[in-house]
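Computed from the coordinates by the stated procedures, all read-outs in this text should not be read as laboratory data. Predicted, not measured: the structure shown is a model, and the values here were computed from it. As a convention, Cβ positions derive from the backbone with ideal geometry for all residues, glycine included, and neighbour counts pool all protein chains shown.
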Amino acid sequence: MHGNEPIHIERKARDAFAALLWQKLGMTNAQSSPQSLTDDQRWQIALAKDRRYDGAFVTGVHSTGIYCRPSCPARAPYRKNVRFYATSAEAEAAGLRACKRCSPNTQSAEEACVLAAISAIRSEGAKTLDQLADLTGYSSTHFQRLFKRTVGLSPAAFARALREERVRKALDGAMESGASVTDALYEAGYSAPSRFYDDTKGRLGMTASDWKNGGAGRTIHWSVIPTSVGDMLVAATEKGVCCLSFGEGEGELRARFPRAGLVKAGSDFGALFDQVIAAVEEPGGDVSAIPLDVKGTAFQQRVWDALREIPAGETCSYGEIAAALGNPKASRAVGGANGANNIAVLIPCHRVVQADGSLGGYAYGPAIKAELLRREGRE
Ligand SMILES: [Zn+2]
């Protein structure tokens, strides 16, 4: 499943965090902390002269009595003469002097500039490249190059990685405490959840449009269509299907989207609704081409994305989906997201069954669930 991808932080970003955010910025992440680097890894970093680890440790050369930054341009010492120290102070306590070429005990102007920029990105004090460059006194082009060389990511990619890291932590916290995912997103520094959706757009496989305020300002075109499993309510915006349910009508649609404009669907929605009818009557076809306009939090969308990965004819348990999303303990949160799904069949929540294989519940009754699964070939 790719459902756990959207807020998975890139490895390159992790390296950047490891190098720069570790001590100076108070990020503690045991896995990416340079403190957890082995001496072999430090040696490889020193051989590569990887400047992203400058500040993370220093290389002491006991044959010459000096210590260096990992990126020091001087010739590599012999491994047997080298010992690593977490800080300049520790190296000096061991009797070593600072190298004059790489000045490991002073912060370079460039480092100070990058750290100031990171601090501004973290506090959202500067948002555009130009604002960041202004802050540091460099031209935008020079600043961008300097930042990328030091951190390994562009300022924009770094800001995104930082937000995603915060979201990942906040979502983990929300799953454990039962807090709202929207609150978690705000807490993580998204000024509005829609900004999170902007960042992740194109990775979720669904359009998450602005459904704030109960859908105020949106127009929903709807119809109740008789099918062989009962009356089906289908509703769509100009972006895609936003609701599919059984045994419901305008009243239930109104309850789901309290402030949206509701109009009876005209013939311009005929082709779309025909595709939806086919998904119910002749399941097993490719429904991924049917556009969806979902209303849900980032976490809910991850769950729905995961549901859409379950092939027709197969089923999953909440626990399996939670595990696929990288948090096996979150099966209750997955259940909540499943229940919040407005688009039955196309986001196939009916393919979630009990861990023991028994059918489990369904918002529109077990008979419809059983029939949908039977058609898909599940015995
Ligand atoms: Zn040096």
Report task. Let me know the volume per residue of the alpha-carbon convex hull for the range 234-379, in Å³. Result -> 110
Query raised in the report: What residues qualify as long-range amide H neighbours of F246, i.e. H under 5 Å apart, gap of 5 or more or another chain, H built at 1.01 Å from N?
Result: L233
**Report entry** Pairs beyond 30 Å (Cα-Cα), from K264/K295; K100/K127; K148/K329; K148/K239; K49/K169
**Finding:** K100/K127; K148/K329; K148/K239; K49/K169
Query - Between the range 337-358 and the range 56-84, the alpha-carbon center distance in angstrom - result: 58
Query raised in the report: In which sequence would S245, S331, S103 go, from the one with the fewest C-beta neighbours within 10 Å to the one with the most?
Result: S103, S331, S245
Query - Where only alpha carbons of the range 90-168 are counted, the Rg and the Dmax (Å) - result: 15.2, 45
